[in-house]
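Before any comments, here is the structure.
The values are calculated or read from the model by the stated rules, or taken from the named source; none is laboratory data. Just so you know, these numbers come straight off a predicted model, no measurement behind them. Positions of Cβ are backbone-derived with ideal geometry, glycine not excepted, and every protein chain shown enters the neighbour counts.
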Amino acid sequence: MKKTIVLFVGILCVSFAQAQDMKSLLNDVSQKVKSYENIEIEFKYNLSNDKENVNQDTRGNVTLSGNNYVLNMLGTTRIFDGKNIYTLVPEDEEVTISAYNAEDDKDITPSKMLTFYEKGYTFKKDILQDVKGRKIQYVKLIPIDPNAEIKIILLGIDVQTKHIYRLIQTDAQGTKYTLTVNSFKTNQPLSKTMFTFDEAKYTKEGYYINRLD
């Protein structure tokens with residue numbers, strides 16, 4: 001009985017130490033991200049669900065500066081200027097404008113993709129993976145909210161650079177969303193109008209402007 005208790009305490013101590021290590025690693029990532037004026041990321045995005053026989057790949061890129069972002073993916077451009085979200089669909093010649101509401105923003109949006117883990121999750125150490133000579137440490141994140149749509153998140157972090165390399169989300173239906181960073185550039189020279197939507201330009205080009213209340 002005494003040996004069992006000692007073993008149990010030992011396991012708890014190891015688990016606590018690993019959790020503290022992962023907390024320190026996540027803090028390093030967060031501080032590194034917030035130290036940059038801007039970030040440009042090129043990524044691969046995969047959506048898969050074995051039960052539904054779904055496996056889709058696409059590529060995209062996003063430019064981040066503070067909370068502002070420009071996301072290009074699936075032939076659509078999304079711009080966030082801190083107040084409104086502008087979704088541009090060239091194929092349909094349409095722009096949808098919606099006001100940003102922080103209370104409705106529960107998903108991992110581009111603004112939060114590099115810092116979302118700071119609140120609302122418990123975490124523990126997962127596998128250490130070698131990717132072409134890079135050491136990628138995975139951290140398993142579990143939402144504190146039992147009703148959260150996303151059930152498990154695996155966050156792969158480059159141990160040397162402290163940059164996020166891969167983000168894997170699995171929802172309640174078993175659908176897996178995997179984002180892999182192919183290029184990570186920081187403090188690039190950006191246009192002053194990078195995060196500004198020029199409504200007059202798109203109106204002149206014949207785009208339909210759809211404003212959501």
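Whenever a residue of the range 46-65 is farther than 30 Å from Thr193 by Cα, its partners that are among the basic types (Lys, Arg) and assigned to a strand (DSSP E or B), lying with C-beta atoms within less than 9 angstrom and at least six residues away or across chains, give the pairs Asn46/Lys176; Leu47/Lys176; Ser48/Lys176; Asn49/Lys176; Asp50/Lys176; Asp57/Lys44. Within the range 188-213, the set of residues being surrounded by 12 or more Cβ atoms within 10 Å (Cβ to Cβ) and over 19 Å from Phe80 (Cβ atoms) comprises Thr203, Tyr208. Would you check if there is a residue in the range 127-135 being touching a helix residue (DSSP H, G or I) at 6+ places or on another chain (Cβ under 8 Å) and more than 18 Å from Met22 (Cα to Cα)? Looking through the range 127-135, none of the residues is touching a helix residue (DSSP H, G or I) at 6+ places or on another chain (Cβ under 8 Å) and more than 18 Å from Met22 (Cα to Cα). Scanning the range 149-181 for residues that are surrounded by fewer than 12 Cβ atoms within 10 Å (Cβ to Cβ) and touching a strand residue (DSSP E or B) at 6+ places or on another chain (Cβ under 6 Å) returns a single hit, Ala172.
Selection of the range 150-181 for residues being under 24 Å from Asn55 (Cα atoms), part of a loop (DSSP other than H, G, I, E, B) and free of Cβ contacts under 8 Å to residues at least 40 places away in the same chain yields only Ala172. In the range 110-123 there is no residue that is crowded, with 19+ Cβ neighbours inside 10 Å, touching an Asp or Glu at 6+ places or on another chain (Cβ under 6 Å) and not in a loop (DSSP other than H, G, I, E, B). Within the option set Ile144, Ile153, being over 24 Å from Tyr86 (Cα atoms), more than 17 Å from the chain's Cα centre (by Cα) and at pLDDT below 95 holds for one residue only, Ile144.
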